[in-house]
Structure formats: C-alpha cells, structure tokens
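Below you'll find the structure, written out as structure tokens, and then a few comments.
Here, each number is a calculation from the coordinates, and none is a lab measurement. These numbers were taken from a predicted model, which means no experiment stands behind them. Quick reminder, even Gly has a Cβ in these numbers, built from the backbone with ideal geometry, and neighbours come from all protein chains shown.
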C-alpha cells in the first residue's frame, strides 16, 4: 500500500467528533500586565495608550481638547463639554476634530477596543473624526480576541466595531498613509 492509502485508511479508522473543536483561551495576566501589553500593542499599530487616574481624566482631556474647534464628547465618564457642535443636530455633523467615546472592552493581545453603536449615536463618527479618544476602564481589558468574542452580545449591541489605532492604508509602492479613511490619531486612556 502506498503512503496516501495508508494515511486515508488511518483517518477512516479514527473516531472523530463532528463539529469544530472548542477553543478556550487560558491566557491571563494581572491588570498591570494586561495594561502594559495593551499599550505596547496599540503603539505598534500607530495608536497611543496611556494610563490616567480617573481624578486626572478631565484635566487630561481638557489639555487634549484645547487645540480643537469641534469637540464631541459622547462619554459619560468625563465632564468635558462638547464645543463647536450642535448636540441637538448630531445627524448633520460633518466634521469632528476630537471625538471622546467609551470603550466596551479592550484586547491586550492586539491593542483593539470594542465600540458599540449605542456609544456612538452615529456609526460614522469614528471615521469622520480627526482624533478619536477612547476611555477604557482597566478592568475591561482581556488577553485575547477569543475571550472578547465570548463576551460580545450582538443581539444586544446590534452594531459594533474593533478599533486598533488610526486609519492606515498603503499602496504597492509601500507608501503608508495615516488618516486617509478615518482618524489620523487614536488614543486610549485607560482609567482605574
């Protein structure tokens, strides 16, 4: 018998269970380890991650917002006020300099943050903003996407996106352009 026939015969004689094999991620880490890993991986994708104490959050955001004319704060974790944008007519907003939103969860393994539609008001906001700032509590950090997907509830959330840094595109000549199809800067402020 040839090798091919031998392999097929052995495969037919094995007792296989139908369906995909379950995968459980056993990777864990302390909150500090996950925070460091998240910040490092976010930086690899061109984003900025920083730990900010909740008591210093408003001060940090005020410093970031002072250079912008159109600031939209959709986060309930900060007292920063929107400016230059009519909150009563968000459907007509066509430009956002700085968008502040909440992150539902973050993945330390790749620096991605899960954002849901109920946090955005308009799904297009992260794509038309020049800079996106996501506020993420450190207890919402997970090690990998397997753990994250086990927590996502699409029936409840409806719409969600992973954001892992500023918009990036490159052509065949390997010319990288930041911000062509979305935010030019992406910052995640991890809070206590």
Exercise for review: Would you mind checking the tilt of helix 3-13 against the longest principal axis of the Cα atoms of the chain, expressed as 0 to 90 degrees and rounded to 10?
Suggested key: 80 degrees
**Study point:** Degrees, to the nearest 10: 31-44 long Cα axis against longest axis of the chain
**Key:** 80 degrees
Check your understanding: What whole number of Å gives the distance from the Cα centroid of the range 115-192 to the Cα centroid of the range 51-65?
Key -> 20 Å
Study note, to complete from the structure: Taking every DSSP bridge whose two residues both lie in the chain, the antiparallel percent to the nearest 5 is 30 percent
Point to revise | In nm, spacing of pseudo-spin labels at residue 14 and residue 170 (7 Å Cα→C-beta vector) | key: 3.7 nm
Check your understanding: What relative contact order, as a whole-number percentage, does the chain give when Cα pairs under 8 Å and 6 or more residues apart are counted?
Key -> 26 percent
Review point. What is the range 50-128 by shape, rounded, prolate or oblate, if you read a ≥ b ≥ c off the alpha carbon gyration tensor as root eigenvalues and call it rounded for a/c under 1.5, prolate for a/b larger than b/c, and oblate otherwise?
Key: oblate
Review point. Can you list the equivalent-ellipsoid semi-axes of the chain, largest first and in whole Å, using the square root of 5 times each Cα gyration tensor eigenvalue?
Key: 40, 20, 17
